[in-house]
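Have a look at the structure below, then the notes.
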Amino acid sequence: MENQTKHKPWAEPYKIKMVEPLKMTTREYREEKIKEAGYNTFLLRSEDVYIDLLTDSGTNAMSDYQWAGIMLGDEAYAGSKNYYYLEDNVRKYYGYKYLVPTHQGRGAENLLSQCLIKKDQYVPGNMYFTTTRLHQELAGGNFVDVIIDEAHNPVSDHPFKGNVDIQKFQDLINKVGAEKIAYITVGAPVNMAGGQPVSMENMKQVSELAKKYGIKVVLDATRNMENAYFIQKREAGYKNKTVAEIHKEFCSYSDAATMSGKKDLLVNIGGFVAVNDWDLFEELRNMVVVYEGLHTYGGLAGRDMEAMARGIEEAIRDENISFRVEQVGYFGKLLKEAGIPIVEPVGGHAVFLDAKRFYEHIPQIEFPAQKLAADLYVESGVRAMERGMVSAGRNKNTGDHYYPKLELVRLTVPRRVYTQAHFDVAAYAVNELYEKRHTAKGLKMIYEPKYLRFFQARFEAL
Ligand SMILES: *Cc1c(COP(=O)(O)O)cnc(C)c1O
């Protein structure tokens, strides 16, 4: 360790009131468990995991303020007061006029895709997200990637690698015509690119171009508070603005947002779709009763809406969001300093190992990232997930595998759950594995589900 006194130390901006013990297991035990799970970390039992970095989705630790809100759940079927409180907070912090709650992000994506996409229309976006693209396709749309090229390069240090390539968006408009474009989705930061942010400048340009052609802009606002923090840190003119101000300005350049509350909003379940257009709201509110529940609960209990409404207030405070992103940065720095190939710059919610460089000798068709996640579990009990070939799935028209440029393992940081010490342990484990990387072998897929295959696919060791 370097001399600690040279750096200003930091610490978690909370203290711990309740603990959940962790189970320690042996390597032999974990070898057996990963084999039983078909080398898919999604198929492990959580109790067999030591440090769980599978996802930051719904894995958040709630505060005493949120838990207190849980006790104030108004479980009326219609018109729950928790719904109105959530609506107030969405208006106040996001700025959209109308709110439809959903059980989680994909519920919102389903409703919006079905309302806005006509068969064979195109839906451009800054890199795909698994559930978002699937709902667009199920609604009859064709996803088109319009992210800048740097996003596909794990070593480019572009500060806003999530940006939309305005020229690619314009080219698509010229090629297919604006009426064939359902809307454009902007995700910020971009999960699949490694949590890379989008600049305010870029969002403004997207909005201007879309407006010129009458195309709607839909924000995937799932982690937009993290994005706002990156803007505050990296973009000229935003240093003295609060994350709350930046976040709201960013939302103002879009017409609608889908949201997974399981990320930014510090809850275990919940989501929403929010819009400015009354007619679209009417349609969404009609559709939600088919798929989720009445428009004032959308598949959630009143208490869940209360926890989410309170989560907005907490998450958006500068000291909370900066801790969140900087904790991820701390973990990334440990790995980088050990010489481990990771995606840079480190994003807002996770550190991504570059499996193409980590397991250089394993060809992509033998799923190096899938294997790396499995090996890390066996090595240490740390659970990560694949973001490469398996996640990318197959082209719906040709049936061929997609071969994404990025073949990554995601080590995702749940909010407020682990301390610095857990990340020291996880980084140590990755390093141990890196030292013996040459002996690793690939995998063969033996079971492949039709939709979102990464969740349930099974593999055999080669
Ligand atoms: C998680 C996520 C979703 C989907 O939300 P769920 O709550 O998991 O259904 C959509 N977009 C992004 C960027 C996400 O990270």
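The values are calculated or read from the model by the stated rules, or taken from the named source; none is laboratory data. Every value quoted in this text rests on a predicted model; they were computed, and no experiment measured them. Quick reminder, even Gly has a Cβ in these numbers, built from the backbone with ideal geometry, and neighbours come from all protein chains shown. We work out accessible area using only protein heavy atoms, side chains counted, and drop any ligands, DNA or RNA first. Shrake-Rupley method; radii C 1.70, N 1.55, O 1.52, S 1.80 Å.
Looking at GLN121, GLN136 in this structure, which one is modelled with pLDDT of 95 or more, buried (at least 19 other Cβ atoms within 10 Å of the Cβ) and not basic (Lys, Arg)?
On the way: GLN121 fails: buried (at least 19 other Cβ atoms within 10 Å of the Cβ).
The unique qualifying residue is GLN136.
Which of the residues belonging to segment 114-155 are closer than 23 Å to GLU235 by Cα, away from the ligand (no atom under 15 Å from the Cβ) and touching a residue at least 40 places away in the same chain (Cβ under 8 Å)? I'd like the intermediate steps shown before the answer.
So in segment 114-155, the residues closer than 23 Å to GLU235 by Cα come out as 125-127, 146-155.
Retained after the next criterion (residues that are away from the ligand (no atom under 15 Å from the Cβ)): 146, 148-150, 152-155.
Of everything in segment 114-155, those that are closer than 23 Å to GLU235 by Cα, away from the ligand (no atom under 15 Å from the Cβ) and touching a residue at least 40 places away in the same chain (Cβ under 8 Å) turn out to be HIS152, ASN153, PRO154, VAL155.
Report yes if ARG394 is open to solvent by 40 Å² or more (accessible area, probe 1.4 Å) and in contact with a His (Cβ under 7 Å, 6 or more places away or on another chain), otherwise no.
yes
If ASP318 satisfies every condition in (1) open to solvent by 10 Å² or more (accessible area, probe 1.4 Å); (2) within 16 Å of the ligand (Cβ to nearest atom); (3) farther than 30 Å from LYS405 by Cβ but one, which is the exception?
(2)
Inspect segment 63-70 for any residue being within 19 Å of HIS422 (Cα to Cα) and open to solvent by less than 90 Å² (accessible area, probe 1.4 Å) and give the result as yes or no.
No, because not a single residue in segment 63-70 is within 19 Å of HIS422 (Cα to Cα) and open to solvent by less than 90 Å² (accessible area, probe 1.4 Å).
If only one of LYS35, LYS17, LYS92 is open to solvent by 30 Å² or more (accessible area, probe 1.4 Å), under 25 Å from the mean Cα position of the chain (by Cα) and of a type in the set (Lys, Arg), which one is it?
Testing whether each residue is open to solvent by 30 Å² or more (accessible area, probe 1.4 Å), under 25 Å from the mean Cα position of the chain (by Cα) and of a type in the set (Lys, Arg) leaves just LYS92.
Does any residue of segment 420-435 turn out to be open to solvent by 80 Å² or more (accessible area, probe 1.4 Å), outside any loop (DSSP other than H, G, I, E, B) and touching a helix residue (DSSP H, G or I) at 6+ places or on another chain (Cβ under 9 Å)?
yes
Could you check segment 70-88 and list, in sequence order, the residues that are assigned to a loop (DSSP other than H, G, I, E, B) and either of a type in the set (A, V, I, L, M, F, W, C) or not assigned by TED's automatic domain parsing to the domain that holds ARG285 (or both)?
If the condition is that a residue be assigned to a loop (DSSP other than H, G, I, E, B) and either of a type in the set (A, V, I, L, M, F, W, C) or not assigned by TED's automatic domain parsing to the domain that holds ARG285 (or both), then MET71, LEU72, ALA76, ALA78 are the ones that fit.
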